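Reviewing the structure listed below.
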Amino acid sequence: MTRTLTQLELLTELEPVAEQNLNRHLSMAKNWHPHDYVPWDQGRNFAEMGGIDWEPAQSQLSELAKAAMVTNLLTEDNLPSYHRLIAESFSQDGAWGTWVGRWTAEENRHGTVMRDYLVVTRGVDPVALEHARMVCMTAGVQHPTGVDDNGFLPGVAYVTFQELATRVSHRNTGRVCNDAIADRMLQRISADENLH
């Protein structure tokens with residue numbers, strides 16, 4: 001009769017593999033800075049600071065591009081929920097904990113650069129975007145598998161598919177923006193997702 005490994009035993013057994021892949025990731029990850037992907041010269045004040053508030057005609061993005069950018073950004077904004085789910089499913093110790101922290105830090109860049117781009121270029125209504133962010137983050141995300149124990153294997157499967165899905169989504173969104181700056185930014189994000 002074969003015995004099934006507990007989650008802790010499985011995590012411990014796979015720790016060397018996790019460490020090896022963490023080191024691989026760190027050696028391949030490209031360091032980049034969100035501010036380098038935002039056209040700051042397009043920025044101007046909103047009414048609160050003596051400028052004018054957002055109007056739909058200010059956006060150069062198509063309705064499709066706006067919907068895709070907002071969806072992608074709200075996905076990135078839910079990072080605290082993802083961090084919690086992954087930290088609970090994996091571990092906060094050793095290579096697993098280091099990976100969870102590094103992944104979280106890298107993913108945070110994605111939301112930062114996308115929000116800065118959208119606000120500076122007036123790509124979407126910043127008030128509606130902030131409202132959507134508050135609603136989305138307040139609700140958070142629940143473990144998608146429906147598994148009560150949020151186990152390690154469902155967590156690995158979820159993260160794997162989520163990274164692939166966001167890579168494809170960011171890349172496709174960059175293409176429909178018809179803006180070389182947005183495309184370059186989303187290619188950079190997509191490359192991170194691919195490496196994750």
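The values are calculated or read from the model by the stated rules, or taken from the named source; none is laboratory data. Model, not experiment: these values are computed from the prediction. No Cβ is skipped: glycine too gets one built from the backbone with ideal geometry, and neighbour counts run over all protein chains shown. The area values use the complete protein model at the heavy-atom level, side chains included, leaving out ligands, DNA and RNA. Shrake-Rupley method; radii C 1.70, N 1.55, O 1.52, S 1.80 Å.
Residues that are open to solvent by 30 Å² or more (accessible area, probe 1.4 Å), closer than 20 Å to Gln42 by Cα and among the small types (Gly, Ala, Ser) within segment 52-73 comprise Ala57, Ser62, listed in sequence order. Criterion applied to Ala128, Ala132, Ala157, Ala182 was being open to solvent by less than 60 Å² (accessible area, probe 1.4 Å), within 30 Å of Leu10 (Cβ to Cβ) and aliphatic (A, V, I, L, M), and the one residue passing it is Ala157. Here Gly111 meets the list (1) surrounded by fewer than 18 Cβ atoms within 10 Å (Cβ to Cβ); (2) within 13 Å of the chain's Cα centre (by Cα) almost entirely, failing just condition (1). Of the set (1) open to solvent by 20 Å² or more (accessible area, probe 1.4 Å); (2) touching a residue at least 12 places away in the same chain (Cβ under 8 Å), all apply to Leu85 but (1). Helices (runs of 4 or more DSSP H) fully within segment 29-145 that include at least 1 residues being touching a Pro at 6+ places or on another chain (Cβ under 8 Å): 79-89, 94-120, 126-139. Does Leu8 qualify as being farther than 30 Å from Ser190 by Cβ, of a type in the set (A, V, I, L, M) and in a helix (DSSP H, G or I)? Judged against the criteria, Leu8 is a match.
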